[in-house]
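The values are calculated or read from the model by the stated rules, or taken from the named source; none is laboratory data. All figures in this text were calculated on a predicted structure; none of them were measured in a lab. Note that we place each Cβ from the backbone using ideal geometry, even for glycine, and neighbour counts take in every protein chain shown.
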Amino acid sequence: MGISRGGECIHEVGGLVWEMTETSVLNRYCQAWDCKNLFVADGAPFVSNADKNPTLTIMALAWRTSEFITDQVRKKNI
């Protein structure tokens, strides 16, 4: 089975704005500005959807988020 043509499969992404300023919903580590113990580790931080499967990018972002959480727990910030 090859890669599907664009539009043949759906990967739900988007819904939360991810920027460097507090006018967005999440910071660069997918942490909510308004609720410091809330992290989003799925496709919601994407501002748009690429033509193909975003799974590896979602996994990479989740990994980075988990490393940030671990660091913040060690520092007793969360």
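When the residues of the range 21-78 are filtered to those that are β-branched (Val, Ile, Thr) and closer than 23 Å to His11 by Cα, the one that is modelled with the lowest pLDDT is Val47. Take the range 38-76 and flag every residue that is without any contact (Cβ under 8 Å) to a residue 24 or more places away in the chain and of a type in the set (S, T, N, Q). Answer for the range 38-76, where residues must be without any contact (Cβ under 8 Å) to a residue 24 or more places away in the chain and of a type in the set (S, T, N, Q): Thr57, Thr70, Gln72. Checking Val73 against (1) among the aliphatic types (A, V, I, L, M); (2) touching a Leu at 6+ places or on another chain (Cβ under 6 Å); (3) surrounded by fewer than 17 Cβ atoms within 10 Å (Cβ to Cβ): exactly one of these is not met. Which one? Exception for Val73: condition (2).
Pick out the one residue from Val73, Val47 that is assigned to a loop (DSSP other than H, G, I, E, B) and not aromatic (Phe, Trp, Tyr). Working first, answer last.
Numbers: Val73 fails: assigned to a loop (DSSP other than H, G, I, E, B).
Selected residue: Val47, the only one of Val73, Val47 that is assigned to a loop (DSSP other than H, G, I, E, B) and not aromatic (Phe, Trp, Tyr).
Conditions: (1) closer than 20 Å to Glu22 by Cα; (2) assigned to a helix (DSSP H, G or I); (3) of a type in the set (A, V, I, L, M). Leu56 meets all but one. Number of the miss? Result: Leu56 passes all but (1).
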